[in-house]
Amino acid sequence: MAAEIIDGKPFAERVTARVAAEVAVLARDHGLKPGLAVVLVGDDPASQIYVRSKGEQSLAAGMHSVTHRLPTETTEDALIALVRSLNADAAIHGILVQLPLPRHISEANVLAALDPSKDVDGLTISSAGRLASGLPALTPCTPLGCIIMLRETLGSLAGKRALVVGRSILVGRPLAQLLLGADCTVTIAHSKTVDLPERCREAEILCAAIGRPQMIKGDWIKPGAAVIDIGVNRVPFRDPVAAAAGKTKVVGDVDFKSASKVAGWITPVPGGVGLMTVACLLQNTVTAAKRIAGLE
């Protein structure tokens, strides 16, 4: 039987609806309006789309939203000065610096300047340490979205064998921590893992975040497993005419066609995890606002 598709749209709609309701309650009962500041350096087209979406959705949820668009030649010192000014702005509860940054700017230095209490992307050392220690933390948005989708689809995750393919600080490592917190038995695989296909076949939950288009094939997957495809890769169309015209399409890290014949559940790309990322950013901003105000 074909896998059940885990459509990201209804999940994202439920999260944003809860956020909007909570924003309204905070305004009514506490005079508090959660504020999100997004900082974009340069003119990367994909980043511009993401930033615009974040701004539009935060406003739609009733939040205060500001976007700082800086030219590519912005210096590291100038960017850090902006981050510090947002740290001190009482109207801002969440700060997101859109990555990647231009090569002349150190991402580590910029993140080190960010107030951890406003780190709604969960990328500071403080946020990562709290998550790894099992303490309340602002969690990276994409892994948080994955966990929400898994829990609402499968119910309890306790005892399930989970494999995370990819060890980035943005997705792989925090996702592994969240799965561990859900009482899964967790393995992290990466480019040096021996016999990756066999490790994948052992997993009841398989999360792919490696940035290699359609690398994970159907015969790598345990029958009935839940497959969460976090990859976003742009590749040429197979049709030679379309490819010659420079047309591309977006695919995940999993070969959806073959995997969907084996898996029990699978997220599509596009239309899966990506839709949850912005929704979870809004949720993190509300959480940060409540904690800063002493309401949580």
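The values are calculated or read from the model by the stated rules, or taken from the named source; none is laboratory data. Not measured: the values here are computed from a predicted model. All Cβ positions, even for glycine, are placed from backbone atoms using ideal geometry, and neighbour counts span all protein chains on display. Side chains included, ligands, DNA and RNA excluded: accessible areas come from the protein's heavy atoms. Shrake-Rupley method; radii C 1.70, N 1.55, O 1.52, S 1.80 Å.
Accessible surface of the chain, 1.4 Å probe: 56 percent of it comes from carbon and sulfur atoms.
Using only C-alpha atoms and all pairs of different ones, pull out the Kirkwood radius for region 96-164 in Å with one decimal.
13.9 Å
When restricted to Cα atoms, region 93-237 yields an Rg and a Dmax of 16.1, 46 Å, respectively.
Note on surface exposure: Asp89, Asp121 rank Asp89, Asp121 by accessible area, highest first, 1.4 Å probe. Cysteine residues of the chain whose Cβ has no partner cysteine Cβ closer than 4.7 Å: Cys146, Cys184, Cys200, Cys207. Taking a quarter of the surface of the Cα convex hull of region 25-159 gives a mean projected area of 10.0 nm². Taken over region 111-224, lysine pairs spaced eight or more positions apart, or on distinct chains, with alpha carbons under 28 Å apart number 5. Per residue, region 1-144 exposes 50 Å² of solvent-accessible protein surface, assessed with a 1.4 angstrom probe and all protein chains in place. On the basis of the beta-carbon distance and an R0 of 25 Å, Ile125 and Leu295 show a calculated FRET efficiency of 0.45. Dividing the convex hull volume of the alpha-carbon atoms in the chain by its residue count gives 142 Å³ per residue. The residues neighbouring Ser126, those whose beta-carbon lies less than 10 Å from its own, together hold a net charge of -1 under the Lys/Arg +1, Asp/Glu -1 convention. Between Arg234 and His30, the C-beta separation translates, for a Förster distance of 45 Å, into a calculated FRET efficiency of about 0.55.
Could you pull out every one of the aspartates and glutamates with an alpha carbon less than 20 Å from that of Lys290, ignoring same-chain neighbours closer than 8 positions? Hits, sequence-local ones excluded: Glu22, Asp29, Asp89, Asp115, Asp119, Asp121. Charge dipole of the chain (Cα centre as origin; +1 on each Lys and Arg Cβ, -1 on each Asp and Glu Cβ, all else neutral): 380 debye, rounded to the nearest 20.
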